[in-house]
Amino acid sequence: MSTQPGKPMETERHLWARSTHENAVEHFYGHGAEHFGDFHGGYLNFGLWEKGIRNYLEAAENLVHRMGTWLGLNPGCRLLDVASGMGNQDLYFFKNFGPLEIDAVDVTWKHIEHSLRRARENNCESSIRFQHGSAVSLPFSGEIFTHALCIEGGVHFNTREHFFREAFRVLKPGGILAFTDYTVKREPRNLRERFLLEAARVLWKVPRANLDSGESFQMKLERCGFGQITVQEAGELTFPGYYAEQRRPECRRELARIRGFVGGRVGQIVDVVAIQAYRAGLVGYILARAVKPGSSMPGGKAR
């Protein structure tokens, strides 16, 4: 297990068994990812579309910056980033909140390949280390991180609560967990709504146990040992802006090039189902923060 800053494990690829949830998620996100390049700046998140945001890249980095600020990242922190995507958010943290020690984990090998390339190109391989792995079985010893982050990945984990337990294990006392995720805002009222929610769950590779409300998020965090829990609703600042971006003809053409005709169409279907579920009031988007009880860590003050 990796326990010391600057001493990463060798990056190895895991071959998930075909029957595993990790394999299903990797297949979903890995389709065409080798062609992604610097499209959308390498970001995959929904973005935080606040007033003054003009395009997707600004929205994506606005979300990343908000989470870094909410975590209270400062030079000297050691950050664990789970579901780190293609690595750009970690480069952003390093450049804007660092110098930091960052260990990042993602289930999709093609994402890790992009991340390793970006770390090499930015000469920060010793400070930002990427591992191919599972959020519910983190390859680290206990109590070594001051902060932990997960942007939009928890919905896919099998299960989200298992990830919370792993995050609690690897955080030092006083360590902070911050994440963004999707919620179920209410139960479906009719057949159409049941279909929408189930279609979104199946298409997006979401375990049934992860259909959480804001209240059940808090309950699960408390059950795992976290305190000082804050949950903020941000659906209006995420879903509409992201869907509008995905509907732009230029964006659709580029995604079809990256994923292929079939993959591009599947992605469009997922987007349509997601926005319809949001507009129906079935699903939402949250920003959340929780603290592992204990002595405060350096750089842990939220701003």
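The values are calculated or read from the model by the stated rules, or taken from the named source; none is laboratory data. These numbers come from a predicted model, not from an experiment. No Cβ is skipped: glycine too gets one built from the backbone with ideal geometry, and neighbour counts run over all protein chains shown.
Any residue that is acidic (D, E), in contact (Cβ under 8 Å) with a residue 24 or more places away in the chain and closer than 26 Å to G30 by Cβ - is there at least one of those in region 232-244? No: zero hits. If the condition is being at pLDDT 95 or above and either under 14 Å from A244 (Cα atoms) or among the basic types (K, R) (or both), then region 277-303 contributes Y278, R279, R289, K292.
Residues that are touching a strand residue (DSSP E or B) at 6+ places or on another chain (Cβ under 6 Å) and either buried (at least 16 other Cβ atoms within 10 Å of the Cβ) or polar (S, T, N, Q) (or both) do not occur anywhere in region 190-203. Residue check: is T11 of a type in the set (S, T, Y), touching a residue at least 60 places away in the same chain (Cβ under 8 Å) and surrounded by fewer than 21 Cβ atoms within 10 Å (Cβ to Cβ)? It is true that T11 is of a type in the set (S, T, Y), touching a residue at least 60 places away in the same chain (Cβ under 8 Å) and surrounded by fewer than 21 Cβ atoms within 10 Å (Cβ to Cβ). Quickly run through region 62-95 and pick out the residues that are touching a Phe, Trp or Tyr at 6+ places or on another chain (Cβ under 6 Å) and within 22 Å of H111 (Cα to Cα). Those that are touching a Phe, Trp or Tyr at 6+ places or on another chain (Cβ under 6 Å) and within 22 Å of H111 (Cα to Cα): V64, G68, R78, L80, N88.
For every residue, the table says whether it meets (1) among the aliphatic types (A, V, I, L, M); (2) farther than 16 Å from V155 by Cα; (3) buried (at least 20 other Cβ atoms within 10 Å of the Cβ); (4) in contact with a Cys (Cβ under 7 Å, 6 or more places away or on another chain).
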{"site": "P207", "(1), (2), (3), (4)": "no, no, no, no"}
{"site": "S216", "(1), (2), (3), (4)": "no, no, no, no"}
{"site": "T230", "(1), (2), (3), (4)": "no, yes, no, no"}
{"site": "E233", "(1), (2), (3), (4)": "no, no, no, no"}
{"site": "F239", "(1), (2), (3), (4)": "no, no, yes, no"}
{"site": "A244", "(1), (2), (3), (4)": "yes, yes, no, no"}
{"site": "F261", "(1), (2), (3), (4)": "no, yes, no, no"}
{"site": "I269", "(1), (2), (3), (4)": "yes, yes, no, no"}
